[in-house]
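Read through the structure below, which is laid out as structure tokens, and then see the notes.
The values are calculated or read from the model by the stated rules, or taken from the named source; none is laboratory data. Every value quoted in this text rests on a predicted model; they were computed, and no experiment measured them. Please note: Cβ atoms are built from the backbone with ideal geometry, for glycine as well, and neighbour counts cover all protein chains shown.
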Ligand SMILES: Nc1ncnc2c1ncn2[C@@H]1O[C@H](COP(=O)(O)OP(=O)(O)OP(=O)(O)O)[C@@H](O)[C@H]1O
Ligand SMILES: Nc1ncnc2c1ncn2[C@@H]1O[C@H](COP(=O)(O)OP(=O)(O)OP(=O)(O)O)[C@@H](O)[C@H]1O
Ligand SMILES: O[C@@H]1[C@H](O)[C@H](O)CO[C@H]1O
Ligand SMILES: [Mg+2]
Ligand SMILES: [Mg+2]
């Protein structure tokens, strides 16, 4: 991580701190351990998506399909958990354990991510359009799969993934914290991670340095798909229900979080920790506005203004140091 | 317009032709004058937005706020038309004519566009985030302005803008055709237009050549805002109503149309005529799927696939000529 | 007697339809096998899926071809659908409007061309446009729900409200109906009013936060059942199910079960299936020549509480029990 | 008013005094001065990073100085934008290409001042006509309506020059204009420069090719490390003195000249061809065969567009399946299908376009150097910062890169130092065959000397070096053998003893008659 990135994160950190201090002063309920855990639980899903989004954005792309992929993975895995699979010709009925369901959900997400990746990396299609197409396709598939009805009643074991806690810390937050750790290492300390930054920042130079550009990009989308699948599982577990409209418009929150965290949409810059900060800012904001019982109309306005402010401060300060 | 652009448009044209032939063969109702006029009326709003989106995308930016700006302009102008303005200190009540309302709607849109433009061009903030913020802000403002209720009963004179026809051709289609003509000239034959392409294709080079980059970009967003305002007027006239949720998610359709029409999201490439083709493809597709009685769930899947195909064909063929 | 289906036309209501008959062909042409369009505001919500699928199924049972169109909560898309449907030669429209005001123009466009429109569930703000409107009485339902709320919660305490989609008519009417009763009790204090978009996820998240700011609330009124389910989960997570009573609206299967299990306190049962079937039957009768329809046919919303929950099923009364609408 | 009576040789058209410019962490200019006389060319000389481009950017209004004074024709000026400078009569050809690839040649030339017709619309007829006239002066025959992206780098450079000339400026700044030009184009440019002098234009000319000075220079100015060192008429100095002024010590420019002892064949190329990506277009390379021995430096010469860059890139696997033929590295056969395969086979390529192809500009020096050989800086499967820094230290140090450390973003280095990073990066892969495409483009004399020494050392250590250069003296001085390409074919081969300027140029000229003695 170089200097500009450090500074970008510092800015986000300051923005977050200001927000938190303001809320602590203006409400009694913000600065309680319980509310802290609420915020953590609430940002888990967006953070899970934002980790994948970070990889894709660093590689110079974008993934608009995360919300729909989340929904489709959720629908498929909820269905598998609830009904299992009949392998008719073999006369076998396969039941899915919670672990099996997780694997299935992540696999489904990865598969859709792979399709995104191949179209972007091999055919050279623009990521915006590919993933916009996938947004529509995966949403349609979800509705077809569920027939428009939610799949509910998934059992407490599965539900624990979304609602349980360990020593007071929500399970989904712990799972996502683990993913943050893993992907921080992946981005900063592995060849794949380094290649990701090189490809996003200087594609031609990366290619001529022996980087398999198409493969690196494809993997970024696969990771994003897998993490969307994981997010779908967490959300489904939390709601005890996979509904066809799960995750609608989540892509925007996720992109906003990643950019607030200092990533550049032209690629080559961004970090998982930045995404964490971005998600925290958005999560704390949502939480704070609700705690303050701000009218829903004003919430939209304020949310927009804060997004603008967070990024504006970042740019202004970067301009001075650049 | 250079060769690659010509070819890109040829591809879209072929895609459109194939689509139309297929629909003419498979339904009785597609190839009727009435249905043709329907399609034209239906694409007017998206096309109006897409003209502005083309300018912004060519300049190297993106405008996610068009749908919300549309809604806010619509709400303000519908309100002005219906209630006028009380200038209390002067004791004057100003009524708005249809012409005055149009001016007001376009001005409101331009103003929001100006804000986008200043943030992107002067502060150097990423367009995606600026306009995402504006998407949220303008939507919130619309809800505040209307209190969440639609403004209806705007009179037939105004309604004519959206529902009337001249010699069988829908008025909104004629208005938008005029805008297409104007902006084709603006992009291809004016300094502003050429500078737009220069700024989008090579910002640094444009700056060093003495192009006022910030001004060019700002104007692109102003135009996009103004055209969103115009689109809001057409839509409100068509529905005889400005609702707070007007234009939600329209940005995606508009971006898809512009890209299908051959524009590049990295800037410097794209054309108003391409956007026309893109809108036609999307419009014919929507219309055709409805005429073919395709289930709504499948429609989403098919729409996604067609977007992907349209762009994939374009890229594949361009790859061989590049 | 059929609920709300007074089939004798009153002078007022019949006017619109009669005027039309005068312009168009007399009720002579009979269509045994017509094409019926089911235009529904959104399919992103199971409630509407049930509505649309029931209407389609009933129309097909009656010998017609039926196609579902999704307006995706978008008046513009709805306008286009109407144009396409008219160009496509459909004979009748079963219509769940996206917007009480904005949808009026669409309805007029169809009836002007002699294609009858039957509104279902959501009202349009015109009495001379649709052929008939079969409506859940949201306002009255919530008045009743409000009364039960006061009964169950008592006349004192803090409560919260989760509203549906901003700008939606039903959101507005439900809230108004509820407050028309509850606001009369000074002891009942609404400490939070947030929007959760008729959506379960949002219901959960918004409720979690409300609980944070107001740990001492004793009830929450939710504009639909999806939000009620989300809210209940948040309350369960906070371990406050004993303290806080949850009220929903719709009569979704999960909520009916939850009431039976002593979890959610109450909901207002709408009869989407019944409304949809009735609309399909009206369309069928129209195609066979009938012209005299009441402009508004309110379908009462029924309160579902632990006391009577046994009589209800998924979006309606249990078979054989209380379903008064079957003729 | 009776001023200016003094018999000064000429009155300066532009004079900059005590210019100071600081970038974060770098003092690029510490109070330098420059005097440009009407009708004379002042050659601005200095090592990489001396601050030459920085001063030119200030004069051309790209950014303001921290302090100092600029006087244009007796008037103090302070340009706030490139446009302001242009309008005042100062125009510049930047060191790096500055064209909009998606616009046409003519549109680029008149960008920002497009001629307009009575309706206020862009007058393409007039614009294309004027462009053609300007391009003719530089012997470039291209359709002014063609998009610039379809032109070769050299032609693009000519377009850039033509644009600057079209301003009819009082002062014209040329920052390394010939670094991408062939001999012919360079000559055309020089005759134009002569003409501009006659017209009274004041010229500032930056170059690292000192031999050009004999033809065009009237005065010289030397900077070193952001400081003013010397200014005097060119006739009053010698090549030797110039180098001492620039480098601060005495330096011998020529290659050791020692005949190298070459070993057995290291790279064998048989029938290499490269199809064009465009359907139906002529092949870019046709049936090229040669060998490169251990310890040998093989030069490749040719005119612009001869296909030299393509030859190196094809060997490097950059064109995938468009390439055909056989090659063997160190006896192991296999035509690389990707750069990764080529690197694996022991080939390295330092490309000519360092900004696009050579470097990840936003990344640090260390990460750039380690990129092709990340495997070498892993510890237990993870990247080790310590190892990476050590690698950067070792190879960066060998190239004497001037940077604030291995984390400094490459973007902020001077052109020459960037080129050194590229070379360090490839040395770090420890290749058997090192291909260098214009290795000294834009590099100062001191660094050039270092690179020559390095090439000698590399060859001596048993590497095979395949080197493309447009600078004839360089090719002649360094190569053991020289291949000449013309229109994608290998047209001639010379040993070090046979080769002369004339022979090479004669061979490189395209044979216009088809079917020359097959
Ligand atoms: N935008 C910038 N930000 C930070 N440092 C810069 C910037 N531009 C130039 N520098 C630094 O200023 C110094 C002078 O650079 P400049 O480009 O003027 O050198 P130069 O004499 O033109 O060298 P060359 O012959 O290699 O082109 C260098 O140390 C360079 O790294
Ligand atoms: N992208 C491309 N598509 C098709 N042909 C190309 C492309 N790039 C280069 N060529 C052609 O390949 C040939 C060689 O190009 P190039 O000018 O790069 O050669 P070169 O000998 O390396 O010259 P230099 O490096 O001095 O510019 C030319 O005929 C050129 O037109
Ligand atoms: O009546 C319907 C249902 O209550 C649904 O849950 C939300 O939208 C309302 O219009
Ligand atoms: Mg320089
Ligand atoms: Mg070359």
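Figures for the structure shown
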| quantity | calculated |
| --- | --- |
| Matching residues, region A:270-303, being assigned to a loop (DSSP other than H, G, I, E, B) and surrounded by fewer than 23 Cβ atoms within 10 Å (Cβ to Cβ) | A:292, A:293, A:294, A:295 |
| Index of the failed condition, residue D:336 passing every other in (1) touching a residue at least 12 places away in the same chain (Cβ under 8 Å); (2) surrounded by fewer than 24 Cβ atoms within 10 Å (Cβ to Cβ); (3) within 16 Å of ligand 2 (Cβ to nearest atom); (4) within 14 Å of chain A (Cβ to nearest Cβ) | (3) |
| Any hit, region A:130-153, residues being over 17 Å from the mean Cα position of the chain (by Cα), more than 10 Å from every other protein chain (Cβ to nearest Cβ) and not in a loop (DSSP other than H, G, I, E, B) | yes |
| Answer from B:70, B:112, B:81 - the residue that is within 14 Å of chain A (Cβ to nearest Cβ) and crowded, with 24+ Cβ neighbours inside 10 Å | B:112 |
| Residue in region B:266-283 that is within 19 Å of residue C:79 (Cα to Cα), over 14 Å from the mean Cα position of the chain (by Cα) and at pLDDT below 90 present | no |
| Test: residue in region D:503-514 that is more than 25 Å from residue D:273 (Cα to Cα) and either more than 20 Å from the chain's Cα centre (by Cα) or outside any helix (DSSP H, G or I) (or both) | yes |
| From D:358, D:334, D:364, D:348, residue being closer than 25 Å to residue D:465 by Cβ, touching a helix residue (DSSP H, G or I) at 6+ places or on another chain (Cβ under 8 Å) and within 16 Å of ligand 1 (Cβ to nearest atom) | D:358 |
| Check on residue D:158, more than 9 Å from chain B (Cβ to nearest Cβ) and within 25 Å of residue D:62 (Cβ to Cβ) | yes |
| Within region B:303-322, tally of residues that are facing another protein chain (nearest Cβ under 7 Å) and at pLDDT 80 or above | 7 |
| Meets criteria (surrounded by fewer than 24 Cβ atoms within 10 Å (Cβ to Cβ) and more than 16 Å from ligand 2 (Cβ to nearest atom)) for residue C:232 | no |
